[in-house]
Amino acid sequence: MKRLIVIFYLIGICFQLDAQNIHFLKSYGNSGYDYGRDIKQTPDSGYIATGSSSSFVGANADLFLLKIDSLGNFKWSYNYGGSDSDWGNSLVITHDSTYAVAGYTNSFGAGGFDFYLVRAAEFGLPMWEKTYGGSDWDKANSLAQIPADSGFVLVGETFSYGAGGKDIYIVRTDKNGDTLWTKTYGDADDDWATGVIVDGDSIVVCGGTESYGAGMSDGIILKMDLDGNIGWVKVVGMEYDDYFNSIVKYATYYMAGGARSYDYPTDKKDMWVYKSTLNGNQLMDTNYSDCPDDDEVYDLYVRNGNEDIIIAGYTKTWGVLDGFGDAFISKFTSSYGFVTSVHYGSAGSDRAYAIDPTFDDGWVIIGDMSFLSTGGNNIFILKYNQYWDHIDIFTELQVDNITLSVENSQGQAGTNFVKLYPNPTNQTLNIESELNIDGLVIVDMTGKIVYTEVLPGSSIDLANLTAGIYTLILSTAESKQTYRVIIQ
């Protein structure tokens, strides 16, 4: 039975309802391809986001952190990676209020793609970067921090290890990113992990499996202790393709979201929400199957028990029927199914990848869109207040042309010309700039400030610094620009 009651088509501008309930939709991008994958609210009521951007690094892309304030205004961003492709898929605000981002890289590591874990401090300054994997492709999709020791667990997929095809790959590290253990799960066919949470002294992982179950692929949930010993595995599916993209805990149950396919070989996917006890016993298994095209849940969270489940993903059933998906958000309840939904986008692919609760009992969503893009693709961030039905119509979408602060061997940063040379250097660094620079700070890879100067001149003496990679921060009255400097 069809449960959809309300559908709104949204294209947006930001505005404020009142001091506590902020509501906006903004797009961020520049001349390249910019993708949003995860977002969290920061203690100052702003937001930190990650994904991948090629706007400032040529044909390939860098993992990035993007900071905006509570109204969605751009504050700063920082790129990480090398000469090849680097992606950010998942982030956490760590217990010491810094940032950790997981994804994958083929700029560094053992070969192919490797798991990539970045720790960053204020303004995105890198503290350390680590890779995990073998000679083939290994990609991290989700990250969680362990409260017991401030370490991390990364989950994804590996072609380097395991039983065949790609297997679920789980990496457990200490707080410094050093490996404590790794584990693979799977058999001869493809198996992959998409989500991870930490529940007390347990790690809970979700994903998909072609090696086990009833169909072509099935959803899988694994629960293990902090040493990687598996307690139980739940495989859920039917005849065709089923898989989970995200998992959360609420009270005494787990809730997972993903896609379920009934119409093979047409490959139509339905939004799928699944609920189990903490021991893996099924409580609810439901999908929205009255739709004629693809619809998928990428992320979800539970706000008020069974009666307020918020899901985000994409839909081809509603919106612009151009063969691509529109971003999709819905309220879902176990009693009534999908009760209120919105979708937004235009020509091209528009998808919502992550959703997170906010301090004012609302939620924030990140994804990417091709419509009205300044380049090939833009990041979008949507903030809903707690009153879902209060205002749902946006007009006149505005795009913030983000100026990602990244190093560049030619000395170009955004539209403000800055040239640093020679770089690498062994003593003197020269600065040519159209900016009115009123301060300079240099930070080492541990986050320690090693050099400061107020109203710097056209050159600075770095002879007292040891060889290595440093971050240089130039301050103006309007902004901060960051660059990577190599001292030989």
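The modelled label-to-label distance for the pair Ser458/Asn430, using points 7 Å beyond Cα in the direction of Cβ, is 0.8 nm. Can you give the convex hull volume of the alpha carbon atoms of the range 165-289 per residue, in Å³? Convex hull of Cα atoms, per residue: 106 Å³.
Label point of Asn60 set 7 angstrom out along Cα-Cβ; within the range 104-148, amide nitrogens under 12 Å from it belong to 105-109, 111-114. Neighbour counts of C-beta atoms inside 10 Å place Val418, Val171, Val155 in the sequence Val418, Val171, Val155, starting with the fewest. As a rough footprinting exposure proxy, the listed residues Ser90, Ser458 were ranked by other beta carbons within 10 Å of their own, and the order from fewest upward is Ser458, Ser90. Beyond a 26 Å Cα-Cα separation, which of these cross-linked pairs lie in this structure: Lys26/Lys249; Lys139/Lys175; Lys175/Lys249; Lys130/Lys383? Pairs exceeding 26 Å: Lys26/Lys249; Lys130/Lys383.
Tell me the trypsin sites (Lys or Arg not before Pro) within the range 135-218 that lie in a loop according to DSSP and have at most 16 other beta-carbon atoms within 10 Å.
Qualifying residues, ordered by number: Lys175.
Sorted ascending by nearby beta carbons within 10 Å, beginning with the fewest, Ser31, Ser97 become Ser97, Ser31.
Just so you know, all these numbers are worked out from the coordinates, no wet-lab data involved. Note that this is a predicted model, so its numbers are computed, not measured. Using ideal geometry, Cβ is built from the backbone for each residue, glycine included, and neighbour counts are taken over all protein chains shown.
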